[in-house]
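Below: the structure, in structure tokens.
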Amino acid sequence: MVDSLPAGVVWTVDPGGRRALQLDAAGGRVLVALCGAQVLSWHTRDGDVLWTASKPEYAAGKPVRGGIPVVFPWFGDHRSDPKLPAHGFARTLEWRLERAGPGPRIVLATGDDERTRQLWPHAFRLQFEIALGTELSMALHVHNPGPQPWAFEAALHTYFGVGDVHQASVHGLERVACTETASAPEVGWDPAAPLRFRAETDRVFHGAPDRIELRAPALRRTVVLHARDARSAIVWNPWPAKTARLSQMIADDWTRFCCIETANVRQHAITLAAGGAHTMALRLQCLPS
């Protein structure tokens, strides 16, 4: 139980009336929902760095399409049971404020209960740390308090506003091995060149570097992703055909965003020994360009 909040952190509600926390620092503002510990927005002097779908649903136990959903303990569809929720269940849990401060910093926490153990039969504890200064810093701490080892996947599924996805490009993933999982991907793209969006894109990069740049000329900004202990990166844009099948989106939403997900998935899934812990961190820097 947190008795008092430091300067720069206040309780509030999100656009759907759900409990949320607001962080203010250095001319920036971050809104974080307790549902899913989801960062909903990060406003700087130049607007929101993140993107939210045009018809967002702020409902109990449901992630908003946009911002930064937390993915755990599996990525995408479950490997053996497609009836289980995509991207795991952490993004649908109600988290609690565990610590606040110093400065505009919060730590949200959640753990296993009867419902999660029906979906995934393990004891776990998660902490999501969010700090705001001139940059936005996050760290996902995963703990195994149980007597047996288990493996998990995790991702910070970040939606970035780009203004016009046709002009956007991703730098730093050149020549990094990847698997393209889109149903209608670009044909004949050059893996040695910066990634540009010319068709549905859903590439899982294996052995990702610690630094990736997203350049968005339409918004005159470059966002630099500084990752730590995250060996996967997923770059995604649904293009119009898949957008038509996705909730919370309108027909042209795909033109205004892309996802760059900081992750440990597939062959980079993490195995935690009994009593073990792992931290994956991401620091976002927004620069004019």
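What follows draws every value from the coordinates through simple rules; no lab data is involved. What you are looking at is a predicted structure, and each value in this text was computed from that prediction instead of being measured. Virtual Cβ from ideal backbone geometry, glycine too; neighbours counted across all protein chains shown.
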Cα extents of the stretch 63-174 along the three principal axes, largest first (Å): 47, 40, 27
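Note the full-extension length gain between GLN248 and ALA193 as 0.36 nm times their separation in residues minus their Cα-Cα distance, in nm to one decimal.
Working: separation 55, 0.36 × 55 = 19.80 nm, distance 3.26 nm.
So the extension gain works out to 16.5 nm.
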Sum of -39500 (n - 2.57) over DSSP H runs of 4+, divided by residues of the chain (222 nm, nearest 500): -1000 deg cm²/dmol
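Ranking VAL162, VAL10, VAL187 by Cβ neighbours within 10 Å, fewest first, what do you get?
Numbers: VAL162 25, VAL10 12, VAL187 7.
Fewest-to-most ranking of VAL162, VAL10, VAL187: VAL187, VAL10, VAL162.
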Projected label distance in nm at THR134 and ASP46, using a 7 Å step from Cα toward the beta-carbon: 1.4 nm
25 °C / 0.890 mPa s Stokes-Einstein diffusion coefficient of the stretch 249-289, Kirkwood radius on C-alpha pairs, µm²/s: 170 µm²/s
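Calculate, in nm to one decimal, what ALA277 and ARG117 gain on full extension: separation in residues at 0.36 nm each, minus their alpha carbon distance.
The span from ALA277 to ARG117 would gain 55.7 nm if fully extended.
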Spatial extent of the stretch 9-288: Rg and Dmax, with the Cα atoms as the point set, Å: 17.8, 51
For the stretch 202-289: rounded, prolate or oblate by the Cα gyration tensor [a/c cutoff 1.5]: oblate
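Which order, highest average first, do 276-287, 229-240 follow once you tally other Cβ atoms within 10 Å for each residue and take the mean per peptide?
On the way: 276-287: 17.3, 229-240: 21.2.
Result, highest mean first: 229-240, 276-287.
In a shell of Cβ-Cβ distance under 10 Å around ARG228, excluding ARG228 itself, what net charge do Lys and Arg (+1) and Asp and Glu (-1) give? Walk me through the numbers on the way to the answer.
On the way: positive: ARG283; negative: ASP210, ASP229.
Once all neighbours under 10 Å are counted, the net charge is -1.
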Sum of side-chain charges, ARG125 neighbourhood, beta-carbon under 11 Å (Lys, Arg +1; Asp, Glu -1): -2
The stretch 165-289, relative contact order [Cα under 8 Å, separation at least 6], %: 26 percent
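Assigning unit charges at the beta carbon (Lys, Arg +1; Asp, Glu -1) and nothing else, what dipole magnitude in debye, to the nearest 20, does the stretch 179-239 show about its Cα centre?
Numbers: 9 positive and 8 negative charges, 68 e Å.
Computed about the Cα centre, the dipole is about 320 debye.
In percent, how large is the relative contact order of the stretch 9-288, given Cα pairs closer than 8 Å and 6 or more residues apart?
Details: 742 pairs, mean separation 50.9, N = 280.
Over the stretch 9-288, the number comes to 18 percent.
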Packing-based exposure ordering (other Cβ within 10 Å, fewest first) of ILE260, ILE106: ILE106, ILE260
For the stretch 221-245 and the stretch 62-129, distance of Cα centres in Å: 19 Å
